[in-house]
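Step one of this worksheet: look at the structure below.
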Amino acid sequence: MLARRLPCGRRKLAAAARAAARAAAAVLRRPVPCLSIALVGERRMRRLNRDFHGVDAATDVLAFPLTEVGGEQEGEIVVCLPVTEQDARARGLDPLAEALLCIAHATLHLLGEKDRTGQQALRMRRLERAALRRIGWRLPAAHLLEVGEGKGSRLDPARAARHEPTSRRRRTSARPPGKSRC
């Protein structure tokens, strides 16, 4: 059941998700779009990704611009908790931090940011880090190395190890100082 996979309680997750979306809009100095955020399992995400992007696999997050009514943009963000949980483990991050990163990323896309080229992806990573910093989360420096050409670019662990100081290699948990998981 998906409710068991929540990285923290529903209210705290909802508040953190709103904060991540607001922070992403704030780093662009843009108004916060009216958003709907859905948390889904792998089966539903796979179906959405196949139907809308032609990719028959689950992904961490999808963003759907819906309408622009009276100058206010609306959109929907769909986050796949099982995939974000796997990604968090692979990166050594807190699962909540990974989910919030996905929400910030999708919000930036809804506000017009792209990440198709290496340069765009690097800008996106910097904006994501800035957004999460605004709400008290710090991502490891290796996050900036997760750039590449096109969608699905992932961190090269050997490259990350070369660019991160030895004293920080072991501690890559994205958790605000002095705060518990939720």
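The values are calculated or read from the model by the stated rules, or taken from the named source; none is laboratory data. Keep in mind the model is a prediction, meaning the values are calculated, not measured. Don't worry about glycine lacking a Cβ; one is built from the backbone with ideal geometry, like all the others, and counts go over all protein chains shown.
Key figures for this structure:
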item: L132 hydrophobic (A, V, I, L, M, F, W, C), surrounded by fewer than 17 Cβ atoms within 10 Å (Cβ to Cβ) and in a helix (DSSP H, G or I); result: no
item: Filtered residues of the range 30-46 (kept if in contact with a Leu (Cβ under 6 Å, 6 or more places away or on another chain), buried (at least 19 other Cβ atoms within 10 Å of the Cβ) and farther than 20 Å from G70 by Cα); result: L39
item: Hey, V27 crowded, with 19+ Cβ neighbours inside 10 Å and modelled with pLDDT of 95 or more or not; result: yes
item: Number of the exception - R18 against (1) closer than 17 Å to I103 by Cβ; (2) of a type in the set (D, E, K, R); (3) over 15 Å from the mean Cα position of the chain (by Cα); (4) not in a loop (DSSP other than H, G, I, E, B); result: (3)
item: When residues of the range 21-39 are limited to those that are more than 17 Å from L132 (Cβ to Cβ) and small (G, A, S), the one farthest from the chain's Cα centre (by Cα); result: S36
item: Matching option when the condition is under 17 Å from C8 (Cα atoms) and in a helix (DSSP H, G or I), among L101, L93, L108; result: L101
item: Complete set of residues in the range 53-67 that are touching a Leu at 6+ places or on another chain (Cβ under 7 Å) and at pLDDT below 95; result: P65
